[in-house]
Every structure is written in structure tokens, then in C-alpha cells.
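The values are calculated or read from the model by the stated rules, or taken from the named source; none is laboratory data. Keep in mind it's a predicted model, so treat the numbers as computed, not measured. A quick note on method: Cβ atoms are made from the backbone with ideal geometry, for glycine too, and the neighbour counts reach across all protein chains shown. For the accessible areas, the whole protein counts, side chains as well, though only heavy atoms, and no ligand, DNA or RNA atoms are used. Shrake-Rupley method; radii C 1.70, N 1.55, O 1.52, S 1.80 Å.
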Amino acid sequence: MTPDRPKETKPPKQWAAGVPGIVHALVPAVRGMGPARSAKLLLSMNHQDGFDCMSCAWPDPDRRKPAEFCENGAKAVTWEATPLVVDAQFWADHPLDDLRTRSEHWLGQQGRLVEPVHKAAGSDRYVPVSWDEAFAILGDRLAGLEHPDQAAFYTSGRASNEAAFVYQLFARAFGTNNLPDCSNMCHESTGAALGETIGVGKATITYDDFAQADLIVIMGQNPGTNHPRMLTALEEAKEHGASIVAVNPLPEAGLMRYKNPQTVRGLAGRGTQLADQFLQIRLGGDMALLQAVSRRVLDAEAAAPGTVLDQAFLDAHTSGLAELTAHLADLDEEAVLTATGLTSAEIDELAQRYVRAERVIVTWAMGLTQHTKAVPTIKEIVNLLLLRGNIGRPGAGASPIRGHSNVQGDRTMGIWEQMPPEFLDALEAEFGFPVPREHGLDTVGTVEGMAAGRVRALVALGGNLVGAVSDTAAAEEALGRTDLTVQISTKLNRSHAVVGKEALILPTLGRTEVDRQASGEQLVTVEDTVCAVHASRGKVEPVGPGLLSEVAIVTRAARAVLDAREGGPGPVDWAAMERDYDVIREHIARVVPGCEDYNAKVRRTQGFRLPHGPRDSRTFPTPDGRAHLTVNELAPVVCPPGRLLLQTIRSHDQFNTTIYRRDDRYRGIKGGRSVVLVHPDDVAELGLADGATVDVHSEYADGVDRVLRGQRVVAYPTARGCAAAYFPEANVLVPLGATAETSRTPVSKAVVVRLEPV
Ligand SMILES: Nc1nc2c(c(=O)[nH]1)N[C@H]1C(S)=C(S)[C@@H](COP(=O)(O)OP(=O)(O)OC[C@H]3O[C@@H](n4cnc5c(=O)[nH]c(N)nc54)[C@H](O)[C@@H]3O)O[C@H]1N2
Ligand SMILES: Nc1nc2c(c(=O)[nH]1)N[C@H]1C(S)=C(S)[C@@H](COP(=O)(O)OP(=O)(O)OC[C@H]3O[C@@H](n4cnc5c(=O)[nH]c(N)nc54)[C@H](O)[C@@H]3O)O[C@H]1N2
Ligand code: SF4
Ligand SMILES: [Mo]
């Protein structure tokens, strides 16, 4: 792909949102959708009788404002609800060779997909086919595989609970647990760490806890861009007296100051200063920082016994305190300072804030999960919180902030290659077919399987697997080796251009659109990052007459495949589920823990909250019923001299692999994405200059030269020794095998690189 360098760059912004936020939300909305459609959609967004924002997983407050959306939510709606469609002529004009030269930005701009298309083996282009033909091809090819494990069923986190439930049912009725998902590349490390330590892999807080916290520590997360309405919750928390600490290599605008566009002060004034303390940490330094803070907490307790730790809580509910205390007694402060790039005084200040605060929330996202040591790092968050009983009481807790709007719900519904036996038992009891028990493939495993020829067919419910996963060249080659790829999607992306020998695109309704089935208009349900489940109802007419919902596509695909294979269709009544989603929800109620009486509960005004032992009653569903303080060996990333540690980040104008515009307003980048952000002193030390063009080479033991060409160097106030470039372009730099311990999440935030001038 040709580099896309911006012509000039400006200094980063010191504050987020305000008037420009509104303008950036509304102008493109009205331009893209027209005033009537814009008003209808934006005002019903995140409201009880409207649709759930399809962008991020940030929760809704109980008391909603008339406009309950942010700039980036508006962009997501505008992108989906465009009246522009990909017509039949497009497929004639654009063979795959041509599509492969196009950028993600261009592909996404072509409009909504409205008819199924098929690329035959040996052909160089897609041609429109009827739905019946599409399902017949799908049924024939999947039924023809030698073994169900030769297929993988990928999911991106936008699918509704109903679509996710029927999709995992389809995969398991077909006979495989190969259910990789975007979560494997996202919060998998969180699930692994929390599951092991507290028994539940989800946030231990509710929305209201933010307003009750004394201290909120935001680690490895950029809420101003990725969860913008979180800034409103943070502003409210500050009004209630909370202090905020941001731990980040970048001084992200949204962490510094917020001008709430819904208040007078936000529109006209200076807004609210958010972070009281900013710790500009080196990439991958968080585990060392957390250990150093816990060590200080333990030292304070030793100096004044009985005054610092929540001993009653520790005795009643946890294990491992003695081991942790002994381990941290040997912590090497010098190693901590090297790993974090911070001073002892800065760490002292955070520790003092922590000890002074009665109620502490720690939030985190990709800055923590996409590291080799991600899982132990998140376990150190749990250690720190447990020491003072900051789990399972108001205003306190562990708060991973999920990415995709329903990524958490998809997991709850069974989208996971390693669902626990209890879930599989319940599925088997409900539907009466033998459910496969062996763990399936995760995302990296699926790509490896395709490369090795073991995975011959890929079905994707949304997403852009080849665009999102690491090692682009290897992943594209692996995809190309499969017999069939099937993409169920709203819009084009790289995964429609890089395909198997045969390929299908099955276009689907988006969340903004009314979903009508034989029994009438349907609602779907979603779960946000704090386990709140609620309904979502489309508001506008579908962009094309022939579009099917995700549920309809999945249930019809299941029928086509199961009918076509030996042994017959099996016991599941797929047609009943397509006709009326209440039927799906009745199954969910009987299979998914915490979803009893689901149809009634999701129709309540606020929906309902899934039960959560640690949050609700300090009940920890671990094997011994206790929360575990854990001992984790410090092993900071080593970056050789003359090299930088590079992270891959999102711009303010993208949603994952969807590029809305080629700008990044808060970081001062305009009209291009081929940049590498480097500290000014490092720019000088490397003999480069701001604005220079470089090739970025990553360095791994496998000796393969992976290179991101033609990036513009931007002198930027990041932590020393660190750099940043945009995902997905920078995925070319990360080998497929570079994954986090335990969770196998690609290590996208600590890539050793060398910059070579061109
Ligand atoms: N507009 C928009 N919204 C989105 C998305 C989007 O692409 N666009 N994506 C959605 C998805 S799927 C997700 S997962 C979330 C992602 O939300 P984020 O996790 O906020 O996304 P990233 O851009 O990956 O930003 C990571 C942040 O962590 C910091 N960081 C990186 N490495 C480290 C580290 O080692 N230590 C610390 N302390 N900080 C570090 C980076 O500087 C950056 O601020 O957002 C969701 N929401
Ligand atoms: N280097 C690097 N790589 C990363 C990351 C990183 O920080 N750095 N982040 C990782 C993370 S956190 C994630 S979550 C993954 C994201 O991986 P994915 O979830 O696979 O990718 P997306 O770009 O979110 O997928 C967007 C596509 O979904 C389809 N789509 C949109 N809406 C709908 C819908 O309503 N229904 C259906 N069926 N399809 C729809 C559209 O075709 C759109 O192009 O990427 C990961 N990759
Ligand atoms: S914060 Fe997230 S869920 Fe809320 S409107 Fe913005 S993008 Fe949508
Ligand atoms: Mo994500």
C-alpha cells in the first residue's frame, strides 16, 4: 500500500470535545445522511426506545440527556446509515486485483453492501447471486469438509446477543468450537487475569460507582477518542470530589482537560481539568509501577500496623498476602525506575493518593492488554485493589473498558473457543445434540491453521480479520490458502479483498435499521462494559430491500449447512428463531447463567444487570472461593540502544480498521496516516528531524525483515524511548507469534523498531 503522509502536523491539543466536538459530529452526519435521518437517528441513540450506539461499549447513565451520544458515536452512525450503496456495476468495475490496491478508507467509503455476491474459484471478481444461491453454495461447501474443525467461525464485537447466540449454536451444531473473535486481540488478557484472580472476567463496578469514587486511575486507555462519554462520567466524578490519575506514555487530550459540549462551562469556558496526576510511563512499564505502589502500601502498613490494609477483608476473602508481601520486599527500585521511566517521587505520590482514598477504581484498556506481560500486569491491578478492599463495595473496583459495543455480550452468549463445560452442558440439555468439548482455535490459532492448511473455510460475522490481526503479509497469505471465505457484513474492508479461493459476501442490516421478521418488528439486546443488558431497536428503513438481518443470515446458513450434510438437519428449530427473536431469548434464558426470565427483563426501561459475585456480595467463584493475590515476576521489555519501543494506536477518526477520515484532530495530524510519533529528544538523538521520512523496521529473533515504509516523523511529547504509529497499517510489523502469555493476544503495544531515513 502506498504511504499516506500528512503534508504538515500541528502540536497536540490540550483538551477534548467542546464546540469542535459538536461540529465534527453534526456536519458529517447531516452531509452523509441528510437532516431528517440525522435527527431521527442521533436523538434516539442510546435511549430506551432507540438503538444502542454501535461504536464502543461505554454504558448509559440511568438518567439520560436528550442527546446521549458523542462525536465518535455520531461518526459510527453516519458511517453505517449512509444512503450510499454498492451497486451491481461496482462488482463489474472492480475485480479483486483492483480492490486489493484500495485503502481501508476507500473501501469503507463505497457505501453499504446490499446484495449477496459470490466469487467462484478461479474467477477474479464477485458477481451478484440470489440469497438462495448464496446459501446453497455455503451449505454445499461446509457440508463437504472432511471434519467440522476445518471451519472457523470468527465474530467481531458488534453482533447482538441474539445473533451471537444463534451463531455459536450454529458452529457447535456443525461440530466445532472454532469460535475466534476480536476479543482474542482485545481484552482477552483481562478475562484471563480477572478469571484467575477473582473468578469473573468482567468489570466489578457499575456506572454509578464512578460518581462515588475518591480516586480513579486510568491506565493504558484513551477515553477522549475511544470512549468519549466516559469524560462526562469523569467530570461528574470530579464534581463529587474524586481525583484522577492518568498513566500513559502519551498526554492524550481527553485525559487532560474536558470541555463538555452539553454544559455552558464546557462550551464557553476552560472546561474541567481531568487528570490531577499524569504519569508519563514507558511502554510496558505498568507492571513495575503497580508492584512499586503495592510495595509502598505494604511498607506503610508495616510502619503503622493496622492502619493501611483492609485486614478484615483480606482475612475473610483472599489468599496469598504473605507470599505477595515476601515477594515485593525484594522489589528492585532501580529496575522499577528503568522500566517505568518515572521518578520515585512520582510513584510515592500515586501510592499516597491510593492510601488516602477510601474508594478507588482502576480502569484500563489496550495499553495494558496488548503486551507480553499483559496478564500478570492486570493481576497486579487486582493485587493493589485487594490490599485495601477495593473490590465489591460502592465507588471501588476493577474496570476494564471494553472496545466494541457488544463484545462483552458476545462472550456471555458463548462466542469463545473455550467456553466452560457448564455452558456446553446447558447447551446440550437445551437442544439435544452432542456439543463438541475440545477447545477450539482463537484468532491467532485460526490464522496459523489456515497457513498450515488445517483450516479450510472461514465464516466471519462482521469484522475485518485480515486487517485487524498482526503480521499482515503472513495473514493475507494464510487467508488466500483457504477454500472458502464468507463475510457477513455491512460494508467493504480488506477482508473482502483478500479472500479464499472461493468467497461469499452476505450483506446485513445494521443496528440503526428496523428489523422486520414474520412475527413483526424485532428488538435485539446488548451488554455494555459494566454488565448492563438492554434492548436496541432500529429506527430507519433498511438501506436496501433485499437485506437480511444477522439472525436471519445465520439461521438460514445453519439450515443450509446442516440440511446438506449426512445425518440430516438435527433437532434445532432454526426457522422459529428467525421468525421471532423471543424464541432465541427463551433459549438464552435457559442456557446462559444470569439470564433467567430474559424476555421480560430486557423489556424493562433500564434493562437489567447480570449478576456478578465479586461485585454484588464479595463472593469469588474461584476453586477455593477466595480472591487471589498473586506473585508475578517482573520482566520489563528491553529495548536495545538506538532502537525505540513502538505502540500501535487509534486515531480520533477511525474505528479499528474503519477509517472515517485521514485525520487525528487531538494529536494535530491532518490529511494522512503514515506517521511515527517520536519524542523530540529521540528524534535528535537518532539524527532525524521532525518531518523526515523513514522506514520503520521491527526487530524480532526470527530475523524476518518486517517494514512499514515511508512514515513521516512527528516530534511528539511521548515518553522517552517510545514511539507510536497507527493500527491497522502498523500490523505489518508484528509477527503472528508475538503474543501475550496465557491470553495469546497479539503484542501490539511494544514493538522494538529501528527507523531508517529514506
Ligand atoms: N473512536 C473509536 N472508538 C473506539 C475504537 C476505535 O478504534 N475508535 N475502538 C474500540 C475498541 S475495539 C477498543 S478495544 C477500544 C480501545 O481503546 P484504547 O485502549 O483507549 O485504544 P488505543 O488507541 O489502543 O489506546 C491505548 C492507549 O493506551 C496507551 N498505552 C499504550 N501502551 C501503554 C502502556 O504500556 N502503558 C500505559 N499505561 N499506557 C499505554 C496509549 O498511549 C493509548 O492512550 O476502543 C473502542 N472504541
Ligand atoms: N496493531 C494493532 N492491531 C489491533 C489492535 C491494536 O490496538 N493494534 N486492536 C485490536 C482490537 S482491540 C480489536 S477489537 C480488533 C478489531 O477487529 P475487528 O472487530 O475484526 O475489526 P473492525 O475494524 O472493528 O471490523 C469492522 C468491520 O465490521 C463490519 N461491520 C460493521 N458493522 C457491522 C454490523 O453491524 N454487522 C456486521 N455483520 N458487520 C459489521 C464492517 O464490514 C466493518 O468494515 O483489532 C485488533 N487489532
Ligand atoms: S461513548 Fe461510545 S457508546 Fe457512547 S455515544 Fe460515544 S461512541 Fe457511542
Ligand atoms: Mo477491541
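Over region 8-80, what is the mean sequence separation of C-alpha contacts under 8 Å (at least six apart), divided by residue count, expressed as relative contact order in percent? Before the final figure, lay out each step's value.
Values: 58 pairs, mean separation 29.3, N = 73.
Relative contact order comes out at 40 percent.
Can you work out the base-10 log of I(q)/I(0) for the chain at q = 0.05, 0.08 1/Å, using the Debye formula on its C-alpha atoms alone?
After summing over all Cα pairs, the log10 values are -0.23, -0.62.
Given N residues in region 188-401, what is Rg(Cα) / (2.2 N^0.38 Å)?
Values: Rg = 16.6 Å, N = 214, 2.2 N^0.38 = 16.9 Å.
Against the compact-globule rule of thumb, the ratio is 0.98.
On C-alpha positions alone, give me the angle between the axis of helix 19-33 and the longest principal axis of the chain, in degrees, nearest 10.
0
Could you give the semi-axes, largest first, of the ellipsoid that matches region 198-301, computed as the square roots of 5 times the alpha carbon gyration tensor eigenvalues and rounded to whole Å?
Values: eigenvalues 132, 54, 39 Å².
So the equivalent ellipsoid measures 26, 17, 14 Å along its semi-axes.
Need one number: nm distance between label points at Gln262 and Val704, each 7 Å from Cα along Cα→Cβ, rounded to one decimal.
Output for this residue pair reads 4.7 nm.
Run the Debye formula on the Cα coordinates of region 409-536, all scatterers equal and no solvent, and tell me log10 I(q)/I(0) at q = 0.22 1/Å.
-1.24
Could you provide, to the nearest whole Å², the per residue accessible area of the chain with probe 1.4 Å?
Spelled out: the 1.4 Å probe surface of the chain, per residue, equals 34 Å².
Report the longest stretch of the chain that contains none of the GluC sites (Glu not before Pro) sitting in a DSSP loop with at most 10 other Cβ atoms within 10 Å.
Values: sites that count: Glu146, Glu438, Glu566, Glu633.
Counting at most 10 other Cβ atoms within 10 Å as exposed, the longest clean stretch of the chain is 147-437.
For q = 0.19 Å⁻¹, what log10 I(q)/I(0) does region 464-521 give under the Debye formula with an equal point scatterer on each alpha carbon and no solvent?
The computed values of log10 I(q)/I(0) come out as -0.70.
For region 1-43, which trypsin sites (Lys or Arg not before Pro) pass both filters: DSSP loop (anything but H, G, I, E, B) and at most 11 other C-beta atoms within 10 Å? Don't skip to the end; give the middle numbers.
Details: sites: Lys7, Lys13, Arg31, Arg37, Lys40; in loops: Lys7, Lys13.
Those satisfying the criteria are Lys7.
R0 = 35 Å: FRET efficiency of Glu323 with Ala303, Cβ-based, nearest 0.05? Before the final figure, lay out each step's value.
Numbers: r = 21 Å, r/R0 = 0.60.
Efficiency, rounded to the nearest 0.05: 0.95.
Report Cys182's accessible area, 1.4 Å probe, all protein chains in place, as a number in Å² to the nearest 10.
Counting only protein heavy atoms, Cys182 exposes about 10 Å² to solvent.
For Asp616 and Lys7 in one chain, what is 0.36 nm times their gap in residues minus the Cα-Cα distance, to one decimal in nm? Working shown, then result.
Working: separation 609, 0.36 × 609 = 219.24 nm, distance 5.31 nm.
Gain on extension, Asp616 to Lys7, equals 213.9 nm.
Starting from 0 in steps of 10 Å, tell me what percent of the Cα-Cα pairs of region 77-214 lands in each bin.
Taking every Cα pair in region 77-214, the percentages come to 9, 22, 34, 21, 11, 3, 0.
Roughly speaking, what is the stretch gain from Asp624 to Gln606, that is 0.36 nm per residue apart minus the C-alpha to C-alpha distance, in nm to one decimal?
Values: separation 18, 0.36 × 18 = 6.48 nm, distance 3.46 nm.
That pair, Asp624 and Gln606, stretches by 3.0 nm at full extension.
Take the solvent-accessible surface of the protein heavy atoms, probe 1.4 Å, and return the percent of it on region 8-80 that carbon and sulfur atoms account for. Walk me through the numbers on the way to the answer.
Values: 1960 of 3110 Å².
With neighbouring chains kept in place, the figure for region 8-80 is 63 percent.
Between the alpha-carbon centers of region 307-377 and region 105-147, tell me the distance in whole angstrom.
Taking the Cα centre of region 105-147 as reference, the centre of region 307-377 is 51 Å away.
Using label points projected 7 Å from each Cα along Cα→Cβ, tell me how many nm separate Arg270 and Glu333, to one decimal.
Taking the simple label geometry, Arg270 and Glu333 are separated by 3.5 nm.
Run down the aspartates and glutamates and flag those whose C-alpha is under 17 Å from the C-alpha of Lys259, throwing out any fewer than 8 positions away in its chain.
Reachable aspartates and glutamates: Glu68, Glu71, Glu235, Glu236, Glu239, Asp276.
Plugging the Kirkwood radius over Cα pairs into Stokes-Einstein for region 600-738, at a temperature of 20 °C and a viscosity of 1.002 mPa s, what D comes out in µm²/s? Mind showing how you got there, number by number?
Details: Rh = 18.7 Å.
D = 114 µm²/s.
Distance check, please: which entries in Lys238/Lys749; Lys40/Lys75; Lys13/Lys65; Lys7/Lys75 exceed 19 angstrom between their Cα atoms? The partial results should precede the final answer.
Numbers: Lys238/Lys749 30 Å; Lys40/Lys75 15 Å; Lys13/Lys65 27 Å; Lys7/Lys75 24 Å.
From Lys238/Lys749; Lys40/Lys75; Lys13/Lys65; Lys7/Lys75, over 19 Å: Lys238/Lys749; Lys13/Lys65; Lys7/Lys75.
Ignoring any ligand, DNA or RNA, what whole percent of the accessible area of region 433-590 comes from carbon and sulfur when the probe is 1.4 angstrom?
Working: 2430 of 4970 Å².
About 49 percent, which is the carbon plus sulfur part of the accessible surface.
Could you tell me the distance between the Cα centroids of region 491-515 and region 409-450, to the nearest Å?
If you average the Cα positions of each part, the centres end up 24 Å apart.
Set the Förster distance to 25 Å, then compute FRET efficiency between Lys670 and Ala88 from the Cβ-Cβ distance, nearest 0.05. Walk me through the numbers before you get to the answer.
Details: r = 36 Å, r/R0 = 1.45.
Using R0 = 25 Å, I get an efficiency of 0.10.
Please work out how much length the chain gains when fully extended from Gln109 to Asn599, using 0.36 nm per residue of separation minus the C-alpha to C-alpha distance, in nm with one decimal.
Values: separation 490, 0.36 × 490 = 176.40 nm, distance 3.74 nm.
Separation in residues times 0.36 nm, less the Cα-Cα distance, equals 172.7 nm.
Once neighbouring chains are kept in place and the probe is 1.4 Å, which whole percent of the accessible area of region 644-757 is contributed by carbon and sulfur? Working shown, then result.
Numbers: 1750 of 3500 Å².
The value for region 644-757 is 50 percent carbon and sulfur by accessible area.
Output needed for region 8-80: three equivalent-ellipsoid semi-axes, defined as square roots of 5 times the C-alpha gyration tensor eigenvalues, in descending order, whole Å.
On the way: eigenvalues 102, 53, 22 Å².
Those come to 23, 16, 11 Å.
According to a simple spin-label model (label point 7 Å from Cα along Cα-to-Cβ), what is the distance in nm between Ala316 and Asp425?
Roughly 3.0 nm, to one decimal.
Would you please put 350-356, 83-89 in order of how densely packed they are, using the mean number of other Cβ atoms within 10 angstrom per residue and starting with the highest?
Values: 350-356: 18.3, 83-89: 14.1.
So the order, starting with the most tightly packed, is 350-356, 83-89.
With a cap of 12 neighbouring Cβ atoms within 10 Å, and only residues DSSP puts in a loop, list the trypsin sites (Lys or Arg not before Pro) found in region 166-270. Each step should come with its number before you reach the end.
Values: sites: Arg172, Lys202, Arg229, Lys238, Arg257, Lys259, Arg265, Arg270; in loops: Lys202, Arg229, Arg270.
Passing both the DSSP loop test and the Cβ count: Arg270.
What value, in deg cm²/dmol to 500, does the helix sum -39500 (n - 2.57) over DSSP H runs of n ≥ 4 give at 222 nm once divided by the residues of the chain?
Details: 33 runs with 279 residues, N = 758.
Computed ellipticity for the chain at 222 nm equals -10000 deg cm²/dmol.
Once R0 is set to 22 Å, what does the formula 1/(1 + (r/R0)^6) return for the Cβ-Cβ distance between Trp131 and Asp563, expressed as a FRET efficiency to the nearest 0.05? Walk me through the numbers on the way to the answer.
Values: r = 15 Å, r/R0 = 0.69.
My answer for the efficiency is 0.90.
Mind listing the phi-derived Karplus ³J(HN,Hα) values for region 333-345, rounded to whole Hz, using 6.51, -1.76 and 1.60 with θ = phi - 60°, and x for any glycine or proline?
Result, rounded to whole Hz: 4, 4, 4, 5, 5, 5, 5, 8, x, 9, 9, 4, 5.
Compute the angle between helix 374-387 and the longest alpha-carbon principal axis of the chain, please, reported from 0 to 90 degrees and rounded to the nearest 10.
Computed tilt is about 50 degrees.
Which three extents, in whole angstrom, do the alpha-carbon atoms of region 617-660 cover along their principal axes, largest first?
Its Cα atoms span 45, 37, 14 Å along the three principal axes.
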